[in-house]
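The values are calculated or read from the model by the stated rules, or taken from the named source; none is laboratory data. Quick caveat, the model's predicted, so the values are computed rather than measured. Note: ideal-geometry Cβ built from the backbone for every residue, glycine included; neighbour counts use all protein chains shown.
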Amino acid sequence: MVDNETNILYNENFPLSNKYDPEWIFDNSMGPNVLWLSEWLCRKVNLKTNMRVLDLGSGRAISSIFLAKEFGVKVWSYDLWVKPTENWKRIIEKGVGDMVFPIHGDARNMPFADGFFDAIICVDSYIYFGTDDLYLNYLQKFLSPGGIIGVVIPGLMKDFENGVPEHLKDFWGQDCWSWHTVDWWKKLWSRTGLVEIEVADTMPDGCEVYTQWKEAQDIVGKNPWPQDTAILKKDAGEYVGFIRLVAKKL
Ligand SMILES: C[S@@+](CC[C@H](N)C(=O)[O-])C[C@H]1O[C@@H](n2cnc3c(N)ncnc32)[C@H](O)[C@@H]1O
């Protein structure tokens, strides 16, 4: 059990995440704290015991372990960059080898049966493939009728008016061009008629949460992009934050 007093990642808004070892979260989150983002997402996704869940772009699989432990679901932990053998070790260490199944592959070419999943969860990964106009149609076929897709992504709270704002220039890599506003994402999905959007919102104080993560990484010496902390502080949520989308397959 992690002591709240000493937990450097303690955040009262994320009681489920507070239970997990901060070292484990630092070492296995590939972007902002993946447990915080997963917890925020799952508040709006009605996960029930034994549901079949695809954790798409699961990285080092700690969101998959979290979903299995907190909600009793079975999770197919699917990722391109991280080897499934590495993830399997983490899964076994946490005692959920009967609930989490690591699989390697590309989100655009998945080996699953149509209609197999009750829910698809995607945390901090959808920006790598989901901006393709045709992707939602591909993805939704793996869901059972009425199945849920839940996505959390970093995004823009408003569009840039004249190119990248000065204060974000050292933050904005080429792979940030797939960051968009919540309205952009809502339109991308709603116009297809494939899903009913249940939630399309932004995290209250999302940039502050992101900054807390970066400051904690700084303290433990595990911030891969140290310049980001001051940039996020300066931005203070003017542009940068987190977006949540939850939709039901029609
Ligand atoms: C920023 S990391 C986030 C990983 C994890 N969800 C987390 O938050 O720690 C992005 C993940 O997207 C995955 N990814 C990128 N492109 C992908 C693709 N085409 N198919 C499957 N996964 C992909 C990568 O393998 C990587 O693990």
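Here is a yes/no grid of residues against (1) surrounded by 18 or more Cβ atoms within 10 Å (Cβ to Cβ); (2) at pLDDT below 95; (3) farther than 22 Å from D55 by Cβ; (4) within 16 Å of the ligand (Cβ to nearest atom):
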{"residue": "R108", "(1), (2), (3), (4)": "no, no, no, yes"}
{"residue": "P111", "(1), (2), (3), (4)": "no, no, no, yes"}
{"residue": "Q140", "(1), (2), (3), (4)": "yes, no, no, no"}
{"residue": "S144", "(1), (2), (3), (4)": "no, no, no, no"}
{"residue": "K158", "(1), (2), (3), (4)": "no, no, yes, no"}
{"residue": "D183", "(1), (2), (3), (4)": "no, no, yes, no"}
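Count of segment 114-138 residues, restricted to those that are under 15 Å from V53 (Cβ atoms) and either in contact with an Asp or Glu (Cβ under 7 Å, 6 or more places away or on another chain) or loosely packed, with under 13 Cβ neighbours inside 10 Å (or both), is 1.
Of the helices (runs of 4 or more DSSP H) lying entirely inside segment 19-110, those containing at least 1 residues that are under 25 Å from F171 (Cβ atoms) and touching a residue at least 12 places away in the same chain (Cβ under 8 Å) span 22-28, 34-42, 62-71. Residue-level analysis places L35 outside the set of residues that are modelled with pLDDT of 95 or more, within 20 Å of K248 (Cβ to Cβ) and within 15 Å of the ligand (Cβ to nearest atom). Of the conditions (1) within 23 Å of T229 (Cα to Cα); (2) touching a helix residue (DSSP H, G or I) at 6+ places or on another chain (Cβ under 6 Å), D55 fails just one. Which one is it? Going through (1) within 23 Å of T229 (Cα to Cα); (2) touching a helix residue (DSSP H, G or I) at 6+ places or on another chain (Cβ under 6 Å) one by one, D55 breaks only (1).
Name the residue that is farthest from the ligand (Cβ to nearest atom), counting only residues in segment 117-138 that are β-branched (V, I, T) and without any contact (Cβ under 8 Å) to a residue 60 or more places away in the chain. The residue in question is T131. N7 satisfies every condition listed in (1) more than 9 Å from the ligand (Cβ to nearest atom); (2) under 19 Å from W213 (Cβ atoms); (3) surrounded by 21 or more Cβ atoms within 10 Å (Cβ to Cβ) except (3).
Could you tell me whether segment 130-142 includes any residue that is of a type outside the set (D, E) and closer than 21 Å to P32 by Cα? The answer is yes; a qualifying residue exists.
Screening R43 against (1) touching a Ser or Thr at 6+ places or on another chain (Cβ under 9 Å); (2) more than 11 Å from the ligand (Cβ to nearest atom); (3) within 23 Å of V2 (Cβ to Cβ) leaves a single unmet condition, (1). Against the numbered list (1) in contact with a Ser or Thr (Cβ under 8 Å, 6 or more places away or on another chain); (2) part of a strand (DSSP E or B), A119 comes up short only at (1).
Mind checking which residues of segment 63-84 are within 10 Å of the ligand (Cβ to nearest atom) and not aromatic (F, W, Y)? Within segment 63-84, S63, S64, S77, D79, L80, V82 meet the criteria. Of the helices (runs of 4 or more DSSP H) lying entirely inside segment 171-250, those carrying at least 1 residues that are under 19 Å from Y10 (Cα atoms) and in contact with a helix residue (DSSP H, G or I) (Cβ under 9 Å, 6 or more places away or on another chain) are 206-220, 227-235.
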